[in-house]
Amino acid sequence: MASRLSALATVLALAVSAPVALAAAPRGGEGGPHGPAQAQGDIVDTALHAGQFKTLAAALQAAGLVDTLKGPGPFTVFAPTDAAFAALPAGTLESLLRPENRAKLVAILTYHVVPGRVSASRAATLDSAATVQGGRLAIRASGSTLSVDGARVVAPDVAASNGVIHVIDTVLMPQG
């Protein structure tokens with residue numbers, strides 16, 4: 001238990017020590033006069049440097065998924081912010097982070113991941129997408145608003161070396 005708490009503290013310390021505005025993160029398809037922006041780090045590093053994913057980082061660590069999302073991918077991650085985790089009912093996050101609930105935490109986190117690199121413009125053409133968890137995310141586009149399973153994408157196309165992150169305002173919960 002002490003080693004798990006130590007690992008969570010390390011992840012949180014890393015996240016707190018590197019607060020970089022998400023708006024400054026490279027986004028897929030954007031770029032300056034020399035073409036598209038290049039991703040600077042993998043999914044995990046990009047999220048940590050954004051500064052608003054401390055809870056997600058801790059959950060990924062507790063679930064044992066950090067190495068997977070640092071792998072070659074590509075992955076598309078619908079990443080809930082710290083505020084999205086804070087909006088969960090009281091006690092939910094604490095319960096999910098307990099070792100005996102690891103399988104449920106893994107299922108929830110992998111429900112946020114779609115295999116491959118799916119840009120927001122591509123996602124807007126889809127009705128749904130299969131997740132790593134095995135479920136399907138319902139996708140809706142209306143004007144410039146994109147949502148997945150009712151969560152609004154608040155920052156699309158944050159580029160990472162092994163995929164793309166779409167920042168969402170709600171933690172997604174798989175059915176069943």
Solvent exposure of the range 75-176 as accessible area per residue, Å², 1.4 Å probe: 47
Whole-Hz couplings from phi, Karplus 6.51/-1.76/1.60, listed for the range 153-161; x for Gly and Pro: 7, 9, 8, x, 6, 7, 6, 9, 5
Nitroxide proxy distance, nm - points 7 Å out along Cα→Cβ at residue 121 and residue 141: 0.9
Heavy atoms of residue 88 accessible to a 1.4 Å probe, total area in Å² rounded to 10: 30
Filtered chymotrypsin sites (Phe, Trp or Tyr not before Pro), the range 58-137: DSSP coil and at most 14 other beta carbons within 10 Å: none
Nonlocal amide H pairs with residue 128, under 5 Å, H built at 1.01 Å: 139
Normalised contact order of the range 51-150, rounded percent, pairs of Cα under 8 Å and 6 or more residues apart: 23
The range 66-77 - phi-based ³J(HN,Hα) in whole Hz, Karplus 6.51/-1.76/1.60, Gly and Pro as x: 4, 4, 4, 7, 9, x, x, x, x, 10, 10, 10
Under the Karplus curve 6.51 cos²θ - 1.76 cosθ + 1.60, θ = phi - 60°, whole-Hz ³J(HN,Hα) for the range 44-51, x wherever Gly or Pro sits: 5, 4, 4, 5, 4, 6, 5, x
Amide H partners (placed H, <5 Å) of residue 75, local residues excluded: 116, 163, 164
Gain in span if fully extended, residue 67 to residue 173, counting 0.36 nm per residue against the direct Cα distance: 35.9 nm
Carbon and sulfur %, accessible surface of the range 74-176 computed with the full protein complex present, 1.4 Å: 54
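The values are calculated or read from the model by the stated rules, or taken from the named source; none is laboratory data. Just so it is clear, the model here is predicted, and its values are computed rather than measured. Cβ atoms come from the backbone with ideal geometry, glycine included; neighbour counts cover every protein chain shown. The protein model used for the area step is the full one, side chains on, heavy atoms only, and it has no ligands, DNA or RNA in it. Shrake-Rupley method; radii C 1.70, N 1.55, O 1.52, S 1.80 Å.
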